[in-house]
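To start, the structure under review is shown below, and the notes come after it.
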Amino acid sequence: MTEYGPQPVERRMPTEEARDLLTLVRELAQREIRPVAAEEEESGRFPRETFTLLSESGLLSLPYGEEFGGGEQPYEVYLQILEELAAARLTVGLGVSVHTLACHALAHYGSKEQCAEHLPGMFAGGLLGAYCLSEPSSGSDAAAMRTRAVRDGDDWVLDGTKAWITHGGIADFYTVMARTGKEGPRGITAFLVPGDAEGLSAAAPERKMGMGGSPTAQVHFDGVRVPDSRRIGEEGQGFAIALDALNSGRLGIAACAIGVAQAALDEALAHTAGREQFGRPVSDFQGVRFMLADMATQIEAGRALYLAAARLRDAGEPFARQAAMAKLFCTDTAMKVTTDAVQLLGGYGYTRDYPAERLMREAKVLQIVEGTNQIQRVVIARHLTGPESR
Ligand SMILES: Cc1cc2nc3c(=O)[nH]c(=O)nc-3n(C[C@H](O)[C@H](O)[C@H](O)COP(=O)(O)OP(=O)(O)OC[C@H]3O[C@@H](n4cnc5c(N)ncnc54)[C@H](O)[C@@H]3O)c2cc1C
């Protein structure tokens, strides 16, 4: 028998283990995450206990190798799990994506000793990470950063301010890009800074349009001393590491966006089937049906795009252009689909009693983070035409 209305997304998971992960995450989403999402986003409560649970369940380290406690899953699997989490609550999906981004530098560029010392806690030991690239005066032009790290014996001393840091003030570790040399991208080095380092402090969280449950704050480094053993990669390699992490991180944002869009479509399907006008469910009207059809098609197209990029990554092929395209398309899709969902709920859609308006506010941030969608177009165009002449 054909079922109508909201349905679990049909997913082709490649292994039995991946299918079990999907079952686990759907159960967690249903039991722990979705029921409190609306209330906690309104009150601004960060669900730290959910992240501890995800860490203990192996869901904070899915794409990393088993050697240090990672899940050893392909990106294709990790992203679909992320989509499910974001559909339940973006604060959780985005939080997992940012944590994964914060682990990237050490997992891919750290020495064996550094990995052995730090990764087990970051992967499955309940620690939560933050990624510090942006500053108050350098966002899109991140290579213009001013935060400095100056060598002092066996230590580095960090001074400066990072801006817009997801988990700022609550993270256990911060992956920080700081200037150690000349101006420009080649003078930047990456560091792993503990959350309780002396001289590290966070401002009050930003008062955002959405994602009230996810703290975003400036993080100040005031003479923060870290040993050279916490430098990741070579001196001057930090910006390349940061961009490499973002190529993968953008796929996470794309998957989160499709999760938000799917949640909005499900709301719209349920509401338009139950709401009657002119003696019929409004889902009977062609003007509504065509909107639902377009929303579902855009979501499928976005999902296919991020999965195609993920499969390139899993095969060890270049995927930066496809990742930028997936981030651009999926987040624009989330904005459009959530806006249409508000429209399809009519006046109810404009109230906080229904989730559609929250999903619309959440979708907006995904067009901005990890490189705005204009910057994604800059990246894609460079792949097509080469760098700009000036
Ligand atoms: C909720 C939230 C969470 C975030 N989390 C993090 C985090 O965890 N870590 C972190 O490091 N950062 C984080 N960010 C920062 C985010 O990555 C930046 O906001 C983003 O990169 C844009 O930088 P900006 O805000 O300084 O905008 P600007 O760079 O000042 O851009 C302003 C406008 O100009 C446009 N623009 C700029 N340059 C160009 C160009 N060359 N071509 C065309 N248009 C251009 C932009 O697209 C934008 O529309 C977060 C931001 C938000 C809002």
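The values are calculated or read from the model by the stated rules, or taken from the named source; none is laboratory data. Every value quoted in this text rests on a predicted model; they were computed, and no experiment measured them. Quick reminder, even Gly has a Cβ in these numbers, built from the backbone with ideal geometry, and neighbours come from all protein chains shown. SASA here: full protein model, heavy atoms, side chains in, ligands and nucleic acids out. Shrake-Rupley method; radii C 1.70, N 1.55, O 1.52, S 1.80 Å.
Take each of the peptides 366-372, 97-103, average the number of other beta-carbon atoms within 10 Å over its residues, and list them starting from the highest.
Values: 366-372: 20.9, 97-103: 26.4.
Taking the mean over residues of other Cβ atoms within 10 Å, the ranking is 97-103, 366-372.
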Check: What percentage of the solvent-accessible surface of region 45-96, computed with a 1.4 Å probe over protein heavy atoms, is contributed by carbon and sulfur atoms?
Finding: 48 percent
Margin query: Explain nothing, just the number: relative contact order of region 206-307, from Cα pairs under 8 Å at least 6 residues apart, as a whole percent.
Written below: 23 percent
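Roughly speaking, what is the stretch gain from Ala315 to Glu10, that is 0.36 nm per residue apart minus the C-alpha to C-alpha distance, in nm to one decimal? If you can, show how the numbers build up before the last one.
Values: separation 305, 0.36 × 305 = 109.80 nm, distance 2.32 nm.
This chain segment gains 107.5 nm when fully extended.
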Item checked: Taking the chain and dividing mean pair separation by its residue count, relative contact order in percent (alpha carbons under 8 Å, at least six apart) -> 16 percent
Checklist line | For region 303-311, 3J(HN,Hα) per residue [Karplus equation, 6.51 cos²θ - 1.76 cosθ + 1.60, θ = phi - 60°, Hz, x = Gly/Pro] | finding: 4, 5, 5, 5, 5, 5, 5, 4, 5
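What shape does region 210-325 have by the C-alpha gyration tensor, where a ≥ b ≥ c are the square roots of the eigenvalues, rounded means a/c under 1.5, and otherwise prolate means a/b greater than b/c and oblate the rest?
oblate
If you roll a 1.4 angstrom probe over the protein chains with everything in place, what fraction of the accessible area of region 189-241 belongs to carbon and sulfur, to the nearest %?
Roughly 45 percent of what the probe reaches on region 189-241 is carbon or sulfur.
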Item checked: Inter-label distance, nm, simple model (7 Å from Cα along the C-beta direction), Ser57/Gln277 -> 3.9 nm
Notebook entry, point to check: Going by alpha carbons, how many degrees (0 to 90, nearest 10) lie between the helix axis of 356-366 and the longest principal axis of the chain?
Noted result: 30 degrees
Next item on the list: Can you pull the one-decimal nm distance between simple spin-label points at His108 and Glu388, each 7 Å off the Cα toward Cβ?
Entry: 2.5 nm
Checklist line | Residue (of Ile380, Ala273, Ala323) at the positive-pole extreme of region 240-385, dipole from beta-carbon charges | finding: Ile380
Notebook entry, point to check: So what are the ³J(HN,Hα) numbers for region 375-390, from phi and the Karplus equation (6.51, -1.76, 1.60; θ = phi - 60°), rounded to whole Hz, Gly and Pro as x?
Noted result: 5, 4, 5, 4, 5, 4, 5, 5, 5, 8, 10, x, x, 4, 6, 10
Checklist line | Extension gain from Glu3 to Asp222, taking 0.36 nm per residue of separation minus the Cα-Cα distance | finding: 73.0 nm
Check: What ranking, highest mean first, results for peptides 337-343, 194-200 when packing means the other Cβ atoms within 10 Å averaged over each residue?
Finding: 337-343, 194-200
Check: Cα gyration tensor of region 94-155, axes a ≥ b ≥ c as square roots of the eigenvalues: rounded (a/c below 1.5), prolate (a/b > b/c) or oblate?
Finding: oblate
Check: Using modelled backbone amide H atoms (1.01 Å from N, in-plane), which distant-in-sequence or interchain residues come within less than 5 Å of Ile232's amide H?
Finding: Ala190, Phe191, Leu192
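Apply the a/c threshold of 1.5 to the C-alpha gyration tensor of region 1-118 and tell me whether it is rounded, prolate or oblate.
Details: a/c = 2.53, a/b = 1.38, b/c = 1.84.
Note, shape of region 1-118 comes out oblate.
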Note to self: Please report the accessible area of Glu276 (heavy atoms, 1.4 Å probe, ligands and nucleic acids excluded) in Å², nearest 10.
What the structure shows: 110 Å²
Margin query: Using a 7 Å offset from the Cα along the Cα-to-Cβ direction at both Glu49 and Tyr350, what is the distance between the two label points in nm, to one decimal?
Written below: 3.8 nm
Check: How large is ³J(HN,Hα) for each residue in region 152-167, as worked out from phi by the Karplus curve 6.51 cos²θ - 1.76 cosθ + 1.60 (θ = phi - 60°), to whole Hz, x for Gly and Pro?
Finding: 9, x, 8, 10, 10, 10, 9, 9, x, 10, 9, 10, 6, 7, 5, 6
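Nearest 5 percent is fine: what portion of the DSSP beta bridges confined to the chain is antiparallel?
Values: 30 of 35 bridges.
The antiparallel fraction comes to roughly 85 percent.
Provide the packing ranking of 295-306, 243-254, i.e. peptides ordered by the mean count of other C-beta atoms within 10 Å per residue, highest first.
Values: 295-306: 19.5, 243-254: 25.8.
Output ranking for 295-306, 243-254: 243-254, 295-306.
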Notebook entry, point to check: Do the sum for the chain: with -39,500 (n - 2.57) for every DSSP H run of n ≥ 4, divided by all residues, what is the mean residue ellipticity at 222 nm, to the nearest 500 deg cm²/dmol?
Noted result: -17000 deg cm²/dmol
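What FRET efficiency comes out for the pair Glu183/Lys336, r = Cβ-Cβ distance, R0 = 41 Å, nearest 0.05?
Values: r = 40 Å, r/R0 = 0.97.
Once the sixth-power term is evaluated, E becomes 0.55.
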Checklist line | Proximal lysine pairs, the chain, alpha carbons under 26 Å, eight or more residues apart or interchain | finding: 10
Check: To the nearest 0.05, what FRET efficiency results for Glu206 and Glu39 with a Förster distance of 30 Å applied to their C-beta separation?
Finding: 0.90
